[in-house]
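Trainee: Take this structure, written in structure tokens, and hold onto it; I'll ask about it next.
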Amino acid sequence: MNTSIIGYPRIGDLRELKFASEKYFRGEITADELEKTAKQIRLYNLELQKNSGLDYIPSGDFSFYDGVLDTAFLLNAVPKRYTDLGLSKLDTYFAAARGYQGEKGDVKALAMKKWYNTNYHYMVPEIDDETEIHLAGSAPFELFTEALDNGVKTKPVIIGAYTFLKLARYKGTKTAADFVEDTATAYSAILEKLGELGAEWVQFDEPSLVKDMTAEDIGLFTSLYEKILLHKGNVRVLAQTYFGDVRDCYEQLCGLDFDGIGLDFVEGKKSLEIIREHGFPKGKTLFAGIVNGKNIWRNNYDSSVKILDELEKYASDIVLNTSCSLLHVPCTLANETKLAESYKKHFAYAAEKLTELAELKVILSSDAPAETEEYRRNQALHSEPRSGENKAVREKAAALTDSDFVRLPAFEERERIQKKRFDLPLFPTTTIGSFPQTADVKAKRKAFRNGEISVSDYEAFIEKKISECISLQEEIGLDVLVHGEFERNDMVEYFGECLDGYIFTEKAWVQSYGTRCVKPPVVWGDISRAKPITVRWSKYAQSLTDKPVKGMLTGPVTILNWSFPREDISLKESALQIALAIREEVLDLEASGISIIQVDEAALREKLPLRRSDWHEDYLDWAIPAFRYVHSGVKPETLVHTHMCYSEFADIIKDIDNMDADVITFEASRSDLTILDVLKENNFRTEVGPGIYDIHSPRIPSKDELKDVINRMKERIPAEKLWVNPDCGLKTRGNAETVPSLKNLVNAAREVRNENC
Ligand code: GLN
Ligand code: ZN
């Protein structure tokens, strides 16, 4: 049995590409020097894969910024505003990726969107009526040749035609169907060219096939490939899917002239079922995605062998594959020097997954797989009792009953009690939590982490910042204050660090977009709260003012969505454990006199399943209760806020209302307040603070423009349900724009208020 991977991380083991690119952006190195670093990374990865014994080594999985953007350039789907700048090829590419502001012009970047259900983001190609799709680039050929020159005949990988057309945004009157001919011609040309260069296999990535597909979608997919595959010549073509199963199009997929079909047996919950029901076409190769490309745990060889044993009943030619590109895991454990071996031995990053594929190959080619050394070692590892078990937490989670998820009294009754308690003016003003994390804050945290200053010095500094922040907010005239979040680096890592059961890596960076990487913490054991986390800061802040100060927490779903989750227990169980811990914090805040508590669920939408039919069963049915449990124990008079970063929740609006918070603030300024109509139509019960200005931009909104926004909001939402706030935390902004912006916000609210009375 041969082995394959779908793609490898391209950022470099130590994020070399990130650092080189950023230097290039700052003008510190030349394009040639950047290209040199890129090439070093590619050749290093190539060598690593070759040495691991991998049979199908990908090329073309490298990118300076993003693979979808590369495909747009390859196919000439590049808006004129970028090519018109007259920049070099590389700089035109970066202009589309990051925007350009300079002597040649001023253009914004292409839009960026989440890549399916991952935390990676791709650049959205823009296609208008003038776009002429044709083969316009040569990157796949150059990268194939580069690898060939270095002794490896690779399997070129390219985003497939269907997925590309589905991901593009159509600016004119034409739609995807109008581009079928040209797109098919371009892809045919790619196949022909790769064939000439000697490629044996070409992989087309078609993750869009795992989404819900209409008859029209299926038609688009088949019409593209009926044409493209006519030109494949001697090249064998692999249709590679991932992030789910292909239940809507399996028969069509099998009916086309593909030579290989790549299916995901990790996230594709129906993949096995589909094969059992429909079989697998004779003469084609099944690329079986068995090694998880998204998580960092070691593969359980016994489970993998069982799946492969079953697949062998249906497919005579199987290639062992990862479930998706390894782009979504960190590069290598080799640089995790601080993490204890007792943890590390359970981890497999990208490089270690290569070893797993090689070991599985040995096991599978043995007559007695269970007797192999590799298998035995793996079984021993997986049967070791995992440290970090907390029986009390498990019992507590298991004992929860329906009533634990219900806050009493009901919303309307609470609202009445709370209005009386707080006596806030109409359109109360507040912020989302963080205030600018200025250089002094970052420097002090660093000094503290490096042991250069004492705990008491650090804490005194945080108190000073809180006290300044409270005075500032009083001076600005906000109604509901915050402590400013100066003690936290990050809204998830901070809580992770304070919870038992979490562990942290040193170098487990995963690309999030372009040069940005994230380092998700790892849920290792059962989660519990060893001691209060934020209480002292909130209490201190509240002691400085008569106005209410919001306690500020991150919710269980967001904490889990931005971590590497466990695989030995369900996400639901992990979310509940985190909810138990955060609930304790909520109750402690309340007991220390905090009257308003905000539980942020910034990333609630992030892991919403790709298929609508899975939304409730696989996600919302545990995610919403986990949030509800966090706040269901507070007193009626305690006001519970939540915050979400996107207002893209029209389609789950009932579920958002069902979180049963008293107030929700969210980002609405960039989406043109369209969400307000949806709120109105649905009789949204929760009070709302649609962000009235965009904190992602340094622009200072004027009082009048903010008044205008509030006025537009109050046309749709009853005035007594409206809050006035920016659209997200202010930590990435400076004081220079924050202070005047907030003053304008407060004055705008006051004026609208007066005009209303
Ligand atoms: N309370 C957090 C802050 O203000 C929320 C951040 C977020 O939504 N991403 O920074
Ligand atoms: Zn936000």
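Trainee: When only alpha-carbon atoms are used, what values of Rg and Dmax, in angstrom, describe the range 355-504?
Mentor: Here Rg and the maximum Cα pair distance are 26.1, 77 Å.
Trainee: What distance in nm lies between label points placed 7 Å from Cα along the C-beta direction at Lys531 and Lys113?
Mentor: Distance between the two pseudo-spin positions: 4.7 nm.
Trainee: Taking the Cα centre of the chain as origin, work out the dipole magnitude from +1 charges on Lys and Arg Cβ and -1 charges on Asp and Glu Cβ, in debye rounded to 20.
Mentor: Details: 97 positive and 122 negative charges, 298 e Å.
It comes to approximately 1440 debye.
Trainee: A follow-up question, please. Beta carbons within 10 angstrom, averaged per residue: use that to sort the peptides 414-426, 461-473, 54-66, highest first.
Mentor: Highest-to-lowest ranking by the protection proxy: 54-66, 461-473, 414-426.
Trainee: At a threshold of 8 angstrom on Cα-Cα distance, excluding pairs fewer than six apart, so keeping six or more, what relative contact order does the chain reach in percent?
Mentor: Across the chain, relative contact order equals 11 percent.
Trainee: Stretched out fully, how many nm does the piece from His278 to Glu474 gain, at 0.36 nm a residue minus the Cα gap?
Mentor: This chain segment gains 63.8 nm when fully extended.
Trainee: Still on this structure: Along the charge dipole of the range 104-148, pointing to its positive end and built from +1/-1 on Cβ of Lys, Arg, Asp and Glu, which listed residue (Leu143, Ala111, Ile127) has its Cα farthest out?
Mentor: The residue sitting farthest along the positive end of the dipole is Ala111.
Trainee: Starting from the Cα of Lys703, draw a straight line to each of the aspartates and glutamates and keep only those under 12 Å, dropping any in the same chain fewer than 8 residues away.
Mentor: Partners found: Glu751.
Trainee: Roughly speaking, what is the stretch gain from Glu130 to Ser702, that is 0.36 nm per residue apart minus the C-alpha to C-alpha distance, in nm to one decimal?
Mentor: Once the chain is fully extended between Glu130 and Ser702, it gains 202.2 nm.
Trainee: Hey, what's the Kirkwood Rh for the range 461-558 if you take every pair of different alpha carbons, in angstrom?
Mentor: On the way: mean 1/r = 0.0650 Å⁻¹.
Roughly 15.4 Å, rounded to one decimal.
Trainee: While we're here: Give the residue from Val406, Val586, Asn292 lying farthest towards the positive end of the charge dipole for the chain; charges sit on Cβ (+1 for Lys and Arg, -1 for Asp and Glu) and the dipole is referred to the Cα centre.
Mentor: Val586
Trainee: Debye calculation, C-alpha points only, no solvent: report log10 I(q)/I(0) for the range 222-309 at q = 0.15, 0.25 Å⁻¹, in the same order as the q values.
Mentor: -0.60, -1.33
Trainee: Additional query: Calculate the spin-label point distance for Asp568 paired with Glu312, positioning each point 7 Å from the Cα along the beta-carbon direction, and give it in nanometres.
Mentor: Going by the 7 Å Cα→Cβ label model, 2.9 nm.
Trainee: Taking the Cβ-Cβ separation of Glu35 and Asp614 as r and a Förster radius of 51 Å, what is the calculated FRET efficiency to the nearest 0.05?
Mentor: Values: r = 43 Å, r/R0 = 0.84.
Efficiency, rounded to the nearest 0.05: 0.75.
Trainee: Once you place label points 7 Å from the Cα toward the Cβ at Ala177 and Lys391, how far apart are they in nm?
Mentor: Placing both labels 7 Å beyond Cα along the Cβ direction yields 6.4 nm.
Trainee: Compute the Kirkwood hydrodynamic radius of the chain, taking the inverse of the mean of 1/r over all pairs of distinct Cα atoms, and give it in Å to one decimal.
Mentor: Hydrodynamic radius (Kirkwood, Cα pairs) of the chain is 27.9 Å.
Trainee: Per 10 Å bin, what percent of the C-alpha pairs of the range 250-290 does each bin hold, from zero upward?
Mentor: Once binned at 10 Å, the Cα pair distances of the range 250-290 give 29, 62, 10.
Trainee: Take the residue pairs Lys294/Lys550; Lys108/Lys731; Lys344/Lys446; Lys442/Lys507; Lys23/Lys464; Lys420/Lys465 and return only those whose Cα atoms are more than 30 Å apart.
Mentor: On the way: Lys294/Lys550 36 Å; Lys108/Lys731 23 Å; Lys344/Lys446 26 Å; Lys442/Lys507 20 Å; Lys23/Lys464 35 Å; Lys420/Lys465 32 Å.
Checking Cα-Cα distances, Lys294/Lys550; Lys23/Lys464; Lys420/Lys465 exceed 30 Å.
Trainee: Can you tell me the accessible area per residue over the chain, all protein chains present, probe 1.4 angstrom, in square angstrom? Could the numbers behind the result be given before it?
Mentor: Working: 30170 Å² over 757 residues.
Heavy-atom SASA per residue in the chain reads 40 Å².
Trainee: Rounded to a whole number, what is D in µm²/s for the range 260-395 from Stokes-Einstein with the Kirkwood radius over alpha-carbon pairs (20 °C, 1.002 mPa s)?
Mentor: 132
Trainee: Next question, about the same structure. Once you compute Rg and the Kirkwood Rh from C-alpha atoms, what is the Rg to Rh ratio for the range 627-674?
Mentor: Dividing the radius of gyration by the Kirkwood radius yields 1.02.
Trainee: Using square roots of five times the C-alpha gyration tensor eigenvalues, list the equivalent-ellipsoid semi-axes of the range 1-75 in whole Å, biggest first. Show your work: numbers first, answer last.
Mentor: Numbers: eigenvalues 127, 48, 15 Å².
For the range 1-75, the semi-axes come out at 25, 15, 9 Å.
Trainee: Pop the C-beta distance of Arg169 and Glu371 into the FRET formula with R0 = 45 Å and round what comes out to the nearest 0.05. All intermediate terms of the calculation are to be shown ahead of the outcome.
Mentor: Details: r = 55 Å, r/R0 = 1.22.
Once the sixth-power term is evaluated, E becomes 0.25.
Trainee: For the chain, what does the helix formula give at 222 nm: sum of -39500 (n - 2.57) over DSSP H segments with n ≥ 4, over the residue count, nearest 500 deg cm²/dmol?
Mentor: Value at 222 nm, helices only, nearest 500: -12500 deg cm²/dmol.
Trainee: Determine, from the Cβ-Cβ distance of Asn300 and Asn51 and an R0 of 22 Å, the FRET efficiency 1/(1 + (r/R0)^6), rounded to the nearest 0.05. Don't jump to the answer; show the numbers that get you there.
Mentor: On the way: r = 25 Å, r/R0 = 1.13.
Calculated transfer efficiency: 0.35.
Trainee: Quick check for me: using +1 on Lys/Arg Cβ and -1 on Asp/Glu Cβ, what's the dipole size of the range 665-739 about its Cα centre, in debye to the nearest 20? Spell out each step's value before the answer.
Mentor: On the way: 12 positive and 13 negative charges, 31 e Å.
Magnitude of the dipole: close to 140 debye.
Trainee: Taking a temperature of 20 °C and a viscosity of 1.002 mPa s, what whole-number D in µm²/s does Stokes-Einstein yield for the range 260-313 with Rh from Kirkwood over alpha carbon pairs?
Mentor: 180
Trainee: A follow-up question, please. How large is log10 of I(q)/I(0) for the range 609-696 at q = 0.16 Å⁻¹ when the intensity is taken from the Debye formula with one equal scatterer per alpha-carbon?
Mentor: Log10 of I(q)/I(0), two decimals: -0.69.
Trainee: Provide Rg and Dmax in Å for the range 39-197, with only Cα atoms included in the calculation.
Mentor: When restricted to the Cα atoms of the range 39-197, Rg and Dmax are 16.5, 51 Å.
Trainee: Dipole magnitude of the range 465-577 about its Cα centre, charges +1 at Lys/Arg Cβ and -1 at Asp/Glu Cβ only, in debye to the nearest 20? Don't jump to the answer; show the numbers that get you there.
Mentor: Working: 13 positive and 16 negative charges, 16 e Å.
It comes to approximately 80 debye.
Trainee: Percent of accessible area on the chain owned by carbon and sulfur, 1.4 Å probe?
Mentor: 48
Trainee: Find how much the distance from Gln252 to Asp500 grows on full extension, using 0.36 nm per residue of separation minus their present alpha carbon separation; answer in nm with one decimal.
Mentor: Difference between extended and current length: 84.4 nm.
Trainee: Calculate, in whole percent, how much of the Cα-Cα pair population of the range 607-757 lies beyond 27 Å.
Mentor: 28
Trainee: Could you pull out the pairs from Lys269/Lys306; Lys211/Lys519; Lys531/Lys635; Lys232/Lys284 whose alpha carbons sit more than 18 Å apart here? Spell out each step's value before the answer.
Mentor: Numbers: Lys269/Lys306 16 Å; Lys211/Lys519 28 Å; Lys531/Lys635 22 Å; Lys232/Lys284 15 Å.
Over 18 Å apart, Cα to Cα: Lys211/Lys519; Lys531/Lys635.
Trainee: Taking 8 Å as the Cα distance limit and 6 or more residues as the minimum spacing, I'd like the relative contact order of the range 603-757 as a percentage.
Mentor: 20
The values are calculated or read from the model by the stated rules, or taken from the named source; none is laboratory data. Quick caveat, the model's predicted, so the values are computed rather than measured. Positions of Cβ are generated from backbone atoms using ideal geometry, with glycine treated the same way; all protein chains shown enter the neighbour counts. Note: areas computed on protein heavy atoms with side chains; ligands, DNA, RNA excluded. Shrake-Rupley method; radii C 1.70, N 1.55, O 1.52, S 1.80 Å.
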